[in-house]
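Here's the structure we're looking at; comments come further down.
What follows is calculated from the coordinates using simple rules that are stated; it is not laboratory data. Just so we're clear, the structure is a prediction, and the values are computed from it rather than from any experiment. Glycine gets a Cβ as well: all are built from the backbone with ideal geometry, and neighbour counts include every protein chain shown.
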């Protein structure tokens, strides 16, 4: 079948090339519409109780992760000229499309008691902007008396201040966000230039905008670097530009199809799918390498291009398809999860792995039977002395030193188990950004001066309508907030309690000593003033109160920020510190306290993702074993395939532990992908061994010797190509992508040992050649003997009319 397909391709090459060109143009037309995703998908299941509650929280109280903060620490900002520039910056930022509100020291309001109307009035502190330094200093003393803002807008210990920009979610979750961010940063940069005061930036909108920009730039960089690396590697292998240009052209065609398929499937580029074009290049090149190296080998034997190419495709067509299937398994398992970001990654990668196989098996035979035949110099790589010596060394180990190999493997496995015991599961909100990046540096600034900027929300449900208005309930919340203020990684909380404290201070003519909850004798007066204040011109904004209580005044929101302390520390804080206090304070009161927010969902999402990836790895093992069982119809073949690859994954996990690489979503991905890719070599070697076993009268040692000398070359070529290709990801600024590159490269080095030494040792030890009848008719489906003259005669006969057509 494969030889017929090859002859058909060569005979109808013009039609097939035009068809491929038309599809590529179609895909390219759609690929130009590809977009970055600005709404970073939650990885927690939509049906998860915590996710359901978080969505309910947002409907009740609004978004928690839409604040972009700009911070500064410089006493010169309180000089009249610089303060005027800060006011100008605040006003300008408030007019930026996509910014729905700005809170800054220049726009602070305070509550004032209006005795005549028995209400509170929200009055700007800077009603008229100061004209002299003395006026500014006097007004700043008023600012410093506002206890409500301490720890929120102004650091009480360092004097640092910040501007808090509330972003419109419609802009945050669209391609307009990049323009909004650029405009904000441009205005801040002009402020820096005018005043010499350095600005710092943080908040989830800024982090996400930075990450999406880097993803877009890195995707282009990785494609360029991967193409360059593959081109150099191919030229060093084959010493001919044809073997460089056309394989690169093939994978670039597949990249166009890949991006076009994303658009057609309605997907956008994110941190994971942005890696697929480079991965497709790395995975697609070995298809070409397999074909070309075997084509050169057969051409040297036959001296006939069409005959050699037809033989090659008939011999390795099915095996290569199975190899690509095994590789695809490493990605398709992600489609078994209900996590959108993983499903998209798996679906796009799986489809385009098979596209890469299809395009390479169509174009390589067409192109290289039209081009001039390889010269003797271009065939010298088949006799590369270092490679030959290396394979001879492997053969010596397999046939003469199996005991040593098994001892070494056992020792490495024992060491790996020790390394795996050191692996820790931890992730950070800005985990993937480099430690020395400006984002991390600025994050440290806010953690130093304000304890953090990552959102954390707590909801207290009193269990009854207007329960928030009961003093005993407010006192419980206040007690809880006092505990929260003792935690060095949490900011000062904001809630209806802090709002009532500010009201009490205003009731006593702005005296900071009265920043407290009203007592029983004061409560009715202050609540009466608040009731008269809402909805009046110049009075209290009811939206402000509604953002901290629900419509029935049954539940209260405590909003605070937290440092990016990592998932392990966050779990410890919640489980060992906050939850015990909640039980101690609220037990027996009928009040229910829940923690929620983007930060908690992010942490839970990582745990959910890692657990899903563990399940995916098990599924991958089952599917790879099933492919091997279908291909070889042998349980023993499944054992021979999976054991060496289990060894590879075990060593990769050990490397993670010894080098301090944590288990997180980006590194957990590696194991399923590595299993799929490493399984290719196992199937390739096992298929060649089965063919040689049948050709050598079931003599195992002879079959192993021939298998290593012939299949070993292409396996080493492929491993080198993959190693160099994945090593490109080590240049990423994202920690997870860098770990993916380093660990995948390590895995590919280890798989040379496991598949070229350990697997043959297992075959020599356990495969006696007589215990199991080899189904030769089945083997012929994927590998013909070189010496079957009838097949060669048929190919030559069918080549005659083809050659006439080619010559014409």
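Below is a table of values for the structure above.
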| quantity | calculated |
| --- | --- |
| The chain - percent relative contact order, Cα under 8 Å, separation 6 or more | 19 |
| Computed over segment 382-518, Kirkwood Rh from alpha-carbon pairs, angstrom | 22.0 |
| Likely footprinting exposure, 264, 484, fewest C-beta neighbours within 10 Å first | 264, 484 |
| Residues of segment 107-142 with amide N under 17 Å of the 7 Å Cα→Cβ point at residue 80 | 126-141 |
| Ordering of 440-453, 387-400 by burial proxy (mean other Cβ atoms within 10 Å per residue, highest first) | 440-453, 387-400 |
| Relative contact order for segment 534-674, counting Cα pairs under 8 Å that sit 6 or more residues apart, in percent | 18 |
| Nitroxide proxy distance, nm - points 7 Å out along Cα→Cβ at residue 95 and residue 47 | 5.2 |
| Estimated Rh, segment 175-241: Kirkwood, alpha-carbon pairs, angstrom | 15.2 |
| Tensor-based shape of segment 599-665 (alpha-carbon gyration tensor, a/c under 1.5 rounded, otherwise prolate or oblate) | oblate |
| Gain upon complete extension [residue 21, residue 709; 0.36 nm per residue less C-alpha separation] | 243.8 nm |
| Stokes-Einstein translational diffusion, segment 76-159 - Kirkwood Rh over all Cα pairs, 0.890 mPa s, 25 °C, in µm²/s | 173 |
| Cα gyration tensor category, rounded, prolate or oblate, for segment 265-315 with a/c compared to 1.5 | prolate |
| Label-point separation in nm, residue 764 to residue 245, each point 7 Å along Cα→Cβ | 4.5 |
| Over segment 233-377: Kirkwood hydrodynamic radius from C-alpha pairwise inverse distances, Å | 16.0 |
| Alpha-carbon spread of segment 675-760, three principal axes, descending order, Å | 55, 18, 16 |
| Average Cα contact separation per residue, segment 416-533, under 8 Å, 6 or more apart, as relative contact order % | 15 |
| Zone residues, segment 70-106, relative to residue 128, backbone N less than 14 Å from point 7 Å out along Cα-to-Cβ | none |
| For segment 78-217, convex hull of alpha carbons as volume per residue, Å³ | 140 |
| Extent along principal axes [Cα atoms of segment 180-312; Å; largest to smallest] | 78, 34, 16 |
| Using alpha-carbon coordinates, inclination of helix 496-507 to the longest axis of the chain, degrees | 30 |
| Sites residue 236 and residue 630, calculated FRET efficiency, Cβ-Cβ separation with R0 35 Å, nearest 0.05 | 0.45 |
| Protection proxy ranking, peptides 54-62, 84-92, 732-740, average beta carbon neighbours within 10 Å, highest first | 732-740, 84-92, 54-62 |
| Near-label residues of segment 1-20 by backbone N, under 11 Å of a point 7 Å along Cα→Cβ of residue 378 | none |
| Evaluated over segment 1-107, the Cα radius of gyration and Dmax, each in Å | 28.7, 85 |
| Distant alpha-carbon pairs in segment 580-710 (separation over 19 angstrom), percent | 65 |
| Radius of gyration and Dmax over the Cα atoms of segment 584-634, both given in Å | 21.8, 67 |
| Per residue, the convex hull volume that the Cα atoms of the chain enclose (Å³) | 179 |
| Globularity ratio of segment 557-597, using Cα Rg and 2.2 N^0.38 Å | 1.28 |
| Separation in nanometres of the label points that stand 7 Å from Cα toward Cβ, at residue 482 and residue 186 | 5.1 |
| Stretch gain in nm, segment residue 60-residue 572, where the contour uses 0.36 nm per residue and the Cα spacing is subtracted | 181.5 nm |
| Principal semi-axes in Å for segment 311-418 [√(5λ), Cα gyration tensor, largest first] | 32, 31, 11 |
| Mean-position separation - Cα centroids, segment 265-300 and segment 629-646, in angstrom | 25 |
